[in-house]
Amino acid sequence: MRAALLEKQGEPLRIVDDIEIREPGVGEVRVAIKSCGLCHSDLSVIDGAFPATVPIVVGHEAAGIVERVGPGVTHLAPGDSVVLTAAPPCGLCYWCVRGEPGVCVNAVGIQTNTFPDGTTGLSRRGEVVYRGVGLGAFAEYVLTPATGAVKVPPDAPLDILSVIGCAVQTGVGAVFNAARVQEGSTVLVIGLGGVGLAVVQGARIAGASQIIVSDPVAARREAAARFGASTLLDPASTDVVAACKDLTGVGVDYAFESAGRASLVQVALNATRNGGVTVCLGAPPLDEAIEISPAVLFTVSEKKLVASVLGSSGAPREIPRLVGLWQAGLLDLEGLVTARRPLAEINQATADLRAGRGIRTVMLI
Ligand SMILES: NC(=O)c1ccc[n+]([C@@H]2O[C@H](COP(=O)([O-])OP(=O)(O)OC[C@H]3O[C@@H](n4cnc5c(N)ncnc54)[C@H](O)[C@@H]3O)[C@@H](O)[C@H]2O)c1
Ligand SMILES: [Zn+2]
Ligand SMILES: [Zn+2]
């Protein structure tokens with residue numbers, strides 16, 4: 001099959017057409033990918049901020065059509081439209097049965113770039129090809145456990161719905177499931193890419209009274225205003241913590257770090273009111289660390305620092321809910337997709353993301 005292959009971190013991707021993908025096994029499906037958004041987590045693998053074994057196919061914000069189902073799959077059939085997730089919950093492990101599928105022990109592919117047993121189902125000229133960020137969807141086909149492919153209406157525009165697979169599931173899910181933002185509360189969002197702008201929309205849907213946003217890119221602040229932000233801050237010229245204290249009197253009830261810089265987690269913590277919640281969504285380079293004084297930031301203040309991966313919810317539950325919000329006109333997915341490009345233009349898309357041009361580029365496969 002055809003795919004965008006990363007052969008060395010820090011170098012451009014190359015389109016190749018000789019990758020082999022195995023047949024779906026028990027409980028698996030093979031999906032013909034129609035569209036896949038480019039997320040900063042893909043860029044972190046491409047540029048080397050996250051270590052990864054190569055050669056690897058990245059791309060994990062995808063939608064497509066079920067091509068073939070493996071033995072035992074009864075709820076999906078060839079021809080079904082699906083949105084994919086990089087973290088398919090197994091439904092059986094300690095965490096899944098506790099209702100914490102975000103940390104399903106069998107959904108580790110997002111870190112290992114393999115299936116749980118270490119295989120990838122992909123090869124090229126006899127060499128293993130890794131399945132990047134839990135999917136490897138900048139490719140014609142993807143193999144996934146059937147819980148990782150969630151059926152959507154047959155006539156739904158897949159190029160639009162693919163952004164649910166990562167950015168929207170992560171951002172809106174973090175608001176609903178990790179922070180549990182309450183009506184009338186105040187929210188700060190630091191970093192307004194696909195993830196941060198989904199947080200803004202989730203906070204608006206949850207009924208936040210103030211949504212304060214910060215990003216150095218003016219166009220992204222303006223996009224946030226369209227999605228419901230109430231105050232736009234440029235961190236280059238404004239003290240974000242002081243502004244949050246001024247605007248709320250006490251600090252924000254919830255602060256989200258969705259830029260992917262460790263130093264901004266500290267800003268988010270400082271902007272959070274005593275007793276409030278700071279949510280880490282960004283995935284900073286692995287050598288960045290957060291320095292926190294427990295006495296000042298936690299013991300006396302009772303601030304809560306939480307993390308959230310892919311919206312802290314199982315995709316089979318969350319994706320239909322997000323599709324429903326979109327169908328009801330409450331969630332704007334179209335506004336997040338600012339460019340569509342053929343797979344052959346993947347390196348232009350990565351250049352746009354590095355430069356903060358547009359919001360999400362969706363690659364059409
Ligand atoms: N937790 C998860 O499950 C999950 C899922 C997807 C992505 N991520 C991570 O979330 C982060 C955001 O992803 P994205 O695809 O939206 O990225 P993006 O590159 O589109 O957006 C990041 C934004 O942060 C802004 N930024 C940079 N410096 C800033 C500063 N000092 N103050 C405020 N904003 C600043 C940038 O201008 C940009 O708009 C990445 O680290 C990504 O790896 C995490
Ligand atoms: Zn992502
Ligand atoms: Zn599980």
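The values are calculated or read from the model by the stated rules, or taken from the named source; none is laboratory data. Owing to the predicted nature of the structure, the values given are computational and were not obtained by experimental measurement. As a convention, Cβ positions derive from the backbone with ideal geometry for all residues, glycine included, and neighbour counts pool all protein chains shown.
Side notes on the structure shown:
- Looking at 67, 61, 127, just one residue is under 20 Å from residue 39 (Cβ atoms) and touching a residue at least 12 places away in the same chain (Cβ under 8 Å), and that residue is 61.
- Picking from residues in the range 285-311 that are closer than 21 Å to residue 193 by Cβ and touching a strand residue (DSSP E or B) at 6+ places or on another chain (Cβ under 9 Å), the one that is surrounded by the most Cβ atoms within 10 Å (Cβ to Cβ) is 308.
- Meets criteria (within 13 Å of residue 173 (Cβ to Cβ) and aliphatic (A, V, I, L, M)) for residue 322: yes
- Qualifying positions in the range 174-187 - within 13 Å of ligand 1 (Cβ to nearest atom) and either part of a loop (DSSP other than H, G, I, E, B) or surrounded by 24 or more Cβ atoms within 10 Å (Cβ to Cβ) (or both): 174, 175, 179
- Verdict on residue 259 being part of a loop (DSSP other than H, G, I, E, B) and either in contact with a Ser or Thr (Cβ under 9 Å, 6 or more places away or on another chain) or among the β-branched types (Val, Ile, Thr) (or both): yes
- Just so you know, in the range 86-103 the residues that are assigned to a helix (DSSP H, G or I) and in contact (Cβ under 8 Å) with a residue 60 or more places away in the chain include one that is farthest from ligand 1 (Cβ to nearest atom), and it is 96.
- Residues located in the range 243-272, provided they are touching a residue at least 60 places away in the same chain (Cβ under 8 Å), touching a Lys or Arg at 6+ places or on another chain (Cβ under 8 Å) and surrounded by fewer than 23 Cβ atoms within 10 Å (Cβ to Cβ): 248, 253
- Residue match in the range 318-338 (condition: at pLDDT 95 or above, more than 16 Å from ligand 2 (Cβ to nearest atom) and in a strand (DSSP E or B)): yes
- Enumeration of residues in the range 56-85 that are in a loop (DSSP other than H, G, I, E, B) and either within 16 Å of ligand 2 (Cβ to nearest atom) or of a type in the set (S, T, N, Q) (or both): 58, 59, 60, 74, 85
- Selection within the range 229-242 - outside any loop (DSSP other than H, G, I, E, B) and in contact (Cβ under 8 Å) with a residue 12 or more places away in the chain: 231, 232, 233, 240, 241
- Candidate set: the range 188-213, residues that are part of a strand (DSSP E or B) and of a type outside the set (Val, Ile, Thr); chosen: the one farthest from ligand 3 (Cβ to nearest atom): 210
- With respect to (1) touching a Leu at 6+ places or on another chain (Cβ under 7 Å); (2) touching a residue at least 60 places away in the same chain (Cβ under 8 Å); (3) among the basic types (Lys, Arg), the lone exception for residue 226 is condition (1).
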